[in-house]
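Student: Below is one structure. I have some questions about it.
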Amino acid sequence: MSRSHRVAGVGAAILIGALGLTACGANDAQTGGDDDAGDGGGESKVIALLLPESKTTRYEAFDKPLFEDKVAELCDDCEVVYYNADQDEAKQTQQVDTAISEGASVIVLDPVNGAGAGGMVTSAQDAGATVIAYDRFIAEADYYMSFDNETVGKMQAEALVEAMGDEGGILMLNGSPDDPNAAQFKAGAHSVLDGSGVEILEEYDNPDWSPENAQKFVTDQLSKYDTSDIQGVYAANDGQAGGVVAALTGGGFSPDDLPPITGQDAEVAAIQRILAGQQAMTIYKPIPIEAETAAELAVKLANGEDVGTSTDSGVEQTDYEGVPSYIFDPIVVTADNVADTVIADGFYSAEDICTGEYVEACEAAGIS
Ligand code: GAL
C-alpha cells in the first residue's frame, strides 16, 4: 500500500483535510517535512488513484502507469498516491480514508461496488476533496468518465450472433453484479441476443469477474449439456474468456475447434487467442484517452482551475445521469483488424503478441 506507512495520525489528518488545508500541509505535518514533489520545500498536491482489482490486466498495466505519467507531465508539484482494492469493498473504503488522511484533494475512484460507493464519496467530499468516478459510475461523484458500456455489450453480442450464423445455443457469462458497467454490458448484450436466433442456455453473473469462477461455471455446464449443444459463449471480458477456454478444452472441445467466444479489454492473451482462432473477438477500449483525461481533470482540480467544457485533447463534457461526464468509444477487435487497432495505436507491439506458440498465428495474419 503506497505510503500508508507514512500516516502517523489519521484523526489529525482527517481534521486537517476537513479544514481544507493543502495536501502537503497534512503530509508534512505527519512526516517531518518530507517533500516528494520537488525542490525548495514546495507543497505537493496529492491526487489519489483507486482501482478495483488486479486480475484484469488493464488496471496495473495501463490505467495506473498512464495516469501517473500524465499527472507527472502536467504538474510538477502533484503527487499520486495509488491503491488497488483487490475486489474487496471494505478494503477500498479504508483506502479512501487513507487517501483523505494523506491529504488528497482529488480522488479518482474506480469502485468495486458502484451503487455502494456513495458513502466513500461523501466522506471524501466532506473532507474537501473532489471525486472523479473512474470507469464505473457513482451517482454521488463530482465527475464521471467511461466508455459507452451499453454499446460494448451490443458490439459483443452482434459479433457473437454473426459468428454463429444467428443460430445455436450459448452460455452467457456477465460481470460482477456490483459493477455498474457489468449491468450495462449485460443490458446491451441482451438487447441484441433476445431478438436473435441464438438461444441462451444458461446465464451467470460472475461475482468478482474472475477467470476461476468462469471456468468453474462452464465446467459445471458441461456436465449438463453435450459439447454439441454449446455453439457459442458470451463472456463479458477477456479474463472470463480465458477461464471459458480452459473449461471447454478441459471438457472435450479441441483447442482447434472452439465455438465463438467473446471478450473485452484487449488483453494480450485475448489478442493471442483471437489470432490463434480460439476467441472470436474482444473489445478494445483505448485506455490512454480515459487515463489521460482523468489525469488532466485531476490536475486542473488540484490546481483549482476551471475544467471547462472540453479537455485539452478535445473530449467534450456531457451529462450522464446528472453528473458531468466524458464518454469514450469502444472498438471491436477481430483477427482482421488486430494490426489496425491495438498495434497501430501502440497499445501493443507485434513482439508483445507474437511470442512462443503464437508466432505462427501472427505470421498467418501478416503481423510481424
Ligand atoms: C469493467 C470495466 C472493464 C473491465 C471489467 C473487468 O468495469 O469496464 O474494462 O475492467 O470491469 O474486466
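The values are calculated or read from the model by the stated rules, or taken from the named source; none is laboratory data. Here the structure is a predicted model, which means the values were calculated and not measured. Glycine gets a Cβ as well: all are built from the backbone with ideal geometry, and neighbour counts include every protein chain shown. Heavy atoms of the whole protein, side chains included, go into the accessibility calculation; ligands, DNA and RNA do not. Shrake-Rupley method; radii C 1.70, N 1.55, O 1.52, S 1.80 Å.
Student: Answer yes or no: is there a residue in region 144-159 that is within 12 Å of the ligand (Cβ to nearest atom), touching a Pro at 6+ places or on another chain (Cβ under 7 Å) and not β-branched (Val, Ile, Thr).
Tutor: yes
Student: Test of understanding: among Ser123, Ser210, Ser196, which residue is among the polar types (S, T, N, Q) and within 12 Å of the ligand (Cβ to nearest atom)? Talk me through it step by step, then tell me what you get.
Tutor: Working: Ser123 fails: within 12 Å of the ligand (Cβ to nearest atom); Ser196 fails: within 12 Å of the ligand (Cβ to nearest atom).
It is Ser210.
Student: Same structure, new question: Within region 323-343, how many residues turn out to be assigned to a loop (DSSP other than H, G, I, E, B) and either in contact (Cβ under 8 Å) with a residue 60 or more places away in the chain or buried (at least 18 other Cβ atoms within 10 Å of the Cβ) (or both)?
Tutor: Start the filter on region 323-343 by keeping residues that are assigned to a loop (DSSP other than H, G, I, E, B), which leaves 329-330, 334-338.
Checking the rest, the ones that are also either in contact (Cβ under 8 Å) with a residue 60 or more places away in the chain or buried (at least 18 other Cβ atoms within 10 Å of the Cβ) (or both) come to 329-330, 334-335, 338.
Final tally of qualifying residues: 5.
Student: Going by what's in this entry, would Gly128 be described as at positive phi, buried (at least 21 other Cβ atoms within 10 Å of the Cβ) and more than 15 Å from the ligand (Cβ to nearest atom)? Quick ask: steps written out before the conclusion?
Tutor: Details: at positive phi: yes; buried (at least 21 other Cβ atoms within 10 Å of the Cβ): no; more than 15 Å from the ligand (Cβ to nearest atom): yes.
So Gly128 fails the test.
Student: Moving on to the next point. What residue, of Glu150, Glu199, is open to solvent by 50 Å² or more (accessible area, probe 1.4 Å) and within 16 Å of Ile261 (Cα to Cα)? Step through it out loud before you land on a result.
Tutor: Numbers: Glu150 fails: within 16 Å of Ile261 (Cα to Cα).
Every option except Glu199 fails the conditions.
Student: Can you tell me which of Ala214, Ala235, Ala241, Ala183 is hydrophobic (A, V, I, L, M, F, W, C), open to solvent by 50 Å² or more (accessible area, probe 1.4 Å) and within 25 Å of the chain's Cα centre (by Cα)? If you could, list the steps in order and put the result at the bottom.
Tutor: Values: Ala214 fails: open to solvent by 50 Å² or more (accessible area, probe 1.4 Å); Ala235 fails: open to solvent by 50 Å² or more (accessible area, probe 1.4 Å); Ala241 fails: open to solvent by 50 Å² or more (accessible area, probe 1.4 Å).
One residue alone meets the criteria, Ala183.
Student: Mind listing whichever residues of region 108-125 are under 30 Å from Met281 (Cα atoms) and open to solvent by 10 Å² or more (accessible area, probe 1.4 Å)?
Tutor: If the condition is that a residue be under 30 Å from Met281 (Cα atoms) and open to solvent by 10 Å² or more (accessible area, probe 1.4 Å), then Asn113, Ala115 are the ones that fit.
Yes/no per residue for (1) assigned by TED's automatic domain parsing to the domain that holds Pro211; (2) modelled with pLDDT of 95 or more; (3) within 16 Å of the ligand (Cβ to nearest atom):
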{"position": "Ala29", "(1), (2), (3)": "no, no, no"}
{"position": "Ala37", "(1), (2), (3)": "no, no, no"}
{"position": "Tyr59", "(1), (2), (3)": "no, yes, yes"}
{"position": "Lys64", "(1), (2), (3)": "no, yes, yes"}
{"position": "Asp76", "(1), (2), (3)": "no, yes, no"}
{"position": "Glu89", "(1), (2), (3)": "no, yes, yes"}
{"position": "Val96", "(1), (2), (3)": "no, yes, no"}
{"position": "Ala99", "(1), (2), (3)": "no, yes, no"}
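Student: Go through region 246-278 and count every residue that is within 16 Å of the ligand (Cβ to nearest atom), out of contact with any Phe, Trp or Tyr (no Cβ under 6 Å at 6 or more places or on another chain) and open to solvent by less than 10 Å² (accessible area, probe 1.4 Å).
Tutor: Total meeting the criteria: 5.
Student: How many residues does region 54-79 contain that are over 16 Å from the mean Cα position of the chain (by Cα), touching a residue at least 60 places away in the same chain (Cβ under 8 Å) and part of a loop (DSSP other than H, G, I, E, B)?
Tutor: Residues meeting the conditions: 1.
Student: Also, I was wondering about something else. When the residues of region 280-294 are filtered to those that are assigned to a loop (DSSP other than H, G, I, E, B) and open to solvent by 10 Å² or more (accessible area, probe 1.4 Å), which remaining residue is nearest to the ligand (Cβ to nearest atom)? Talk me through it step by step, then tell me what you get.
Tutor: Of all residues in region 280-294, those assigned to a loop (DSSP other than H, G, I, E, B) come to 280-281, 285-286.
Subsequent filtering for residues that are open to solvent by 10 Å² or more (accessible area, probe 1.4 Å) retains 280, 286.
Details: Ala280: 18, Pro286: 12 Å.
Per the stated criteria, the residue is Pro286.
Student: Kindly establish whether Ser176 is modelled with pLDDT of 95 or more, open to solvent by less than 20 Å² (accessible area, probe 1.4 Å) and either away from the ligand (no atom under 16 Å from the Cβ) or assigned by TED's automatic domain parsing to the domain that holds Thr262 (or both).
Tutor: Details: modelled with pLDDT of 95 or more: yes; open to solvent by less than 20 Å² (accessible area, probe 1.4 Å): yes; either away from the ligand (no atom under 16 Å from the Cβ) or assigned by TED's automatic domain parsing to the domain that holds Thr262 (or both): yes.
It is true that Ser176 is modelled with pLDDT of 95 or more, open to solvent by less than 20 Å² (accessible area, probe 1.4 Å) and either away from the ligand (no atom under 16 Å from the Cβ) or assigned by TED's automatic domain parsing to the domain that holds Thr262 (or both).
Student: Report, by residue number, each residue of region 139-159 that is of a type in the set (A, V, I, L, M, F, W, C) and out of contact with any Phe, Trp or Tyr (no Cβ under 7 Å at 6 or more places or on another chain).
Tutor: Start the filter on region 139-159 by keeping residues that are of a type in the set (A, V, I, L, M, F, W, C), which leaves 139, 141, 145, 147, 152, 155, 157, 159.
If the condition is that a residue be of a type in the set (A, V, I, L, M, F, W, C) and out of contact with any Phe, Trp or Tyr (no Cβ under 7 Å at 6 or more places or on another chain), then Ala139, Ala141, Met155, Ala159 are the ones that fit.
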